[in-house]
Ligand code: AP5
């Protein structure tokens, strides 16, 4: 199973990718998480990526593509029989590069799942999101609060707000999404891979709708 999750900032790609990876026993690959890991460990890649992430801009394609190619080539992906990509591709050149990477291994995508959510809802989700800097668990002050205010349920660490979830940067991310990522909807529709799901429903309903959309692909 090789899937791509597409959607605006805060559409629920990370939330749903985790659920789908668990459901199908495939590997969850999040470019945002990979960049944050490198940033937090002070690697050369992380320092470079953070110059773009902190401003809500995209990291250059070549850097991102190389990172994804390395990750897809790791043994757990072959062992588990697939992946769900969260946050990649994000530009048409990245989508073309992904097709090339897969074709070189005689593989292709099974489906591109577009999680559609109106911008007003996205904004509310991003501004209210809190994350655990230790174990990366994800919360929302209203929709998914921790049991103890500002404290991770899993490991007890104090929760933080992502730097790029501050209102000004959120607006930049929306603009970047419209300009550079939303053309992928038509790109994948033309290839017959796109399945659209209403992402404004509660998370469990979105998961069921996504699983059903992939079921349709498998039965085609
Ligand atoms: P990335 O981390 O991928 O950011 P994003 O795409 O903006 O996505 P988010 O992580 O903000 O949101 P999400 O869709 O995963 O939603 P989530 O499930 O967390 O990328 C960060 C940066 O890295 C980019 O800006 C860029 O600089 C760089 N980067 C990454 N990939 C790149 C690439 N390919 N090329 C170049 N640069 C790249 O949910 C959000 C909130 O809503 C949470 O609080 C959650 O609890 C809540 N929520 C989720 N679903 C629901 C629901 N159904 N109902 C109510 N609440 C919900």
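The values are calculated or read from the model by the stated rules, or taken from the named source; none is laboratory data. All of these numbers come straight from a predicted model, not from anything done at the bench. Heads up, the Cβs are rebuilt from the backbone with ideal geometry, glycines too, and the neighbour counts pull from every protein chain shown.
Would you check if residue 96 is surrounded by fewer than 19 Cβ atoms within 10 Å (Cβ to Cβ) and modelled with pLDDT under 95? Write out each step before concluding.
On the way: surrounded by fewer than 19 Cβ atoms within 10 Å (Cβ to Cβ): yes; modelled with pLDDT under 95: no.
So residue 96 fails the test.
Being farther than 27 Å from residue 214 by Cα, touching a residue at least 40 places away in the same chain (Cβ under 8 Å) and in contact with a strand residue (DSSP E or B) (Cβ under 6 Å, 6 or more places away or on another chain) is the filter here, so list the residues in the range 116-129 that pass it.
129
Kindly indicate whether residue 139 is within 14 Å of the ligand (Cβ to nearest atom), buried (at least 18 other Cβ atoms within 10 Å of the Cβ), free of Cβ contacts under 8 Å to residues at least 24 places away in the same chain and not in a helix (DSSP H, G or I).
Working: within 14 Å of the ligand (Cβ to nearest atom): yes; buried (at least 18 other Cβ atoms within 10 Å of the Cβ): yes; free of Cβ contacts under 8 Å to residues at least 24 places away in the same chain: yes; not in a helix (DSSP H, G or I): yes.
Considered against the rule, which asks whether it is within 14 Å of the ligand (Cβ to nearest atom), buried (at least 18 other Cβ atoms within 10 Å of the Cβ), free of Cβ contacts under 8 Å to residues at least 24 places away in the same chain and not in a helix (DSSP H, G or I), residue 139 comes out as yes.
Please find, among 71, 36, the residue that is within 8 Å of the ligand (Cβ to nearest atom) and surrounded by 17 or more Cβ atoms within 10 Å (Cβ to Cβ). Give the derivation first.
On the way: 71 fails: within 8 Å of the ligand (Cβ to nearest atom).
Result of the check over 71, 36: 36.
Can you pull out the residues in the range 13-33 that are surrounded by fewer than 21 Cβ atoms within 10 Å (Cβ to Cβ), within 12 Å of the ligand (Cβ to nearest atom) and without any contact (Cβ under 8 Å) to a residue 60 or more places away in the chain?
18, 28, 32
The rows are residues; the columns are (1) more than 10 Å from the ligand (Cβ to nearest atom); (2) part of a helix (DSSP H, G or I); (3) under 19 Å from residue 5 (Cβ atoms).
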position: 149; (1), (2), (3): yes, no, no
position: 180; (1), (2), (3): no, yes, yes
position: 189; (1), (2), (3): yes, yes, yes
position: 197; (1), (2), (3): yes, no, yes
position: 201; (1), (2), (3): no, no, yes
position: 207; (1), (2), (3): no, yes, yes
position: 211; (1), (2), (3): yes, yes, yes
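Looking at 158, 186, can you tell me which residue is touching a strand residue (DSSP E or B) at 6+ places or on another chain (Cβ under 7 Å), surrounded by fewer than 15 Cβ atoms within 10 Å (Cβ to Cβ) and without any contact (Cβ under 8 Å) to a residue 60 or more places away in the chain? Reasoning before the result, please.
Numbers: 186 fails: touching a strand residue (DSSP E or B) at 6+ places or on another chain (Cβ under 7 Å).
Step by step, each of 158, 186 is checked, and only 158 is touching a strand residue (DSSP E or B) at 6+ places or on another chain (Cβ under 7 Å), surrounded by fewer than 15 Cβ atoms within 10 Å (Cβ to Cβ) and without any contact (Cβ under 8 Å) to a residue 60 or more places away in the chain.
Quick grid of which residues meet (1) over 14 Å from the mean Cα position of the chain (by Cα); (2) within 9 Å of the ligand (Cβ to nearest atom); (3) touching a residue at least 40 places away in the same chain (Cβ under 8 Å):
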position: 47; (1), (2), (3): yes, no, no
position: 52; (1), (2), (3): yes, yes, no
position: 108; (1), (2), (3): yes, no, yes
position: 114; (1), (2), (3): no, no, yes
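Check off (1) buried (at least 16 other Cβ atoms within 10 Å of the Cβ); (2) without any contact (Cβ under 8 Å) to a residue 40 or more places away in the chain; (3) touching a helix residue (DSSP H, G or I) at 6+ places or on another chain (Cβ under 9 Å) for residue 132 and give me the number that stays unchecked.
(3)
Out of (1) surrounded by 19 or more Cβ atoms within 10 Å (Cβ to Cβ); (2) within 24 Å of residue 58 (Cα to Cα), what's the single condition that is false for residue 214?
Every listed condition holds for residue 214 apart from (2).
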